[in-house]
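**Student:** Sharing a structure, written as structure tokens. Questions coming.
The values are calculated or read from the model by the stated rules, or taken from the named source; none is laboratory data. All values reported here derive from a predicted model rather than from experimental measurement. As a convention, Cβ positions derive from the backbone with ideal geometry for all residues, glycine included, and neighbour counts pool all protein chains shown. Note: areas computed on protein heavy atoms with side chains; ligands, DNA, RNA excluded. Shrake-Rupley method; radii C 1.70, N 1.55, O 1.52, S 1.80 Å.
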Amino acid sequence: ERGAPVRRTATAESAELLTDLAVQGVRTVAFVRSRRGSELISLIAQERLAAVDRGLASRVAAYRGGYLPEERRALEQALHTGELLG
């Protein structure tokens with residue numbers, strides 16, 4: 001209103017940054033405070049990436065403490081090898 005900048009949530013900003021970086025092929029980790037935030041950023045980025053390139057949507061995943069250690073190691077390895085971008 002009256003020329004003021006539009007305010008967006010940190011979740012929306014993070015998802016947009018993650019999406020833009022994934023499109024450019026940059027491996028990225030977004031740190032957030034909650035499990036819900038992690039999953040929401042991942043979901044939003046996946047939806048936006050699917051609109052650009054369906055193959056990119058599967059290259060972003062949520063990573064959180066509730067996963068089993070072997071699940072977390074698999075995600076870490078996928079990010080390390082470039083299979084995951086974010």
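**Student:** Of the residues that sit in the stretch 1-20 and are of a type in the set (A, V, I, L, M) and under 28 Å from GLY65 (Cβ atoms), which one is most open to solvent (accessible area, probe 1.4 Å)?
**Tutor:** LEU17
**Student:** Do any helices (runs of 4 or more DSSP H) lying entirely in the stretch 9-86 carry at least 2 residues that are within 9 Å of the chain's Cα centre (by Cα), and which ones are they?
**Tutor:** Qualifying helices (runs of 4 or more DSSP H): 10-23, 35-52.
**Student:** When VAL6 is evaluated against the numbered criteria (1) part of a helix (DSSP H, G or I); (2) β-branched (Val, Ile, Thr); (3) without any contact (Cβ under 8 Å) to a residue 12 or more places away in the chain, which criterion, by number, is the only one it fails?
**Tutor:** (1)
**Student:** Now, a different point. Among the residues of the stretch 51-86, write down those that are among the hydrophobic types (A, V, I, L, M, F, W, C), surrounded by 14 or more Cβ atoms within 10 Å (Cβ to Cβ) and in contact with a helix residue (DSSP H, G or I) (Cβ under 9 Å, 6 or more places away or on another chain).
**Tutor:** Once the filter is applied, which keeps residues that are among the hydrophobic types (A, V, I, L, M, F, W, C), surrounded by 14 or more Cβ atoms within 10 Å (Cβ to Cβ) and in contact with a helix residue (DSSP H, G or I) (Cβ under 9 Å, 6 or more places away or on another chain), the stretch 51-86 yields LEU56, ALA57, VAL60, ALA61, ALA62, LEU84, LEU85.
**Student:** Of all residues in the stretch 21-50, which are open to solvent by less than 70 Å² (accessible area, probe 1.4 Å) and of a type outside the set (A, V, I, L, M)?
**Tutor:** GLY25, THR28, SER34, GLY37, SER38, GLU39, SER42, GLN46
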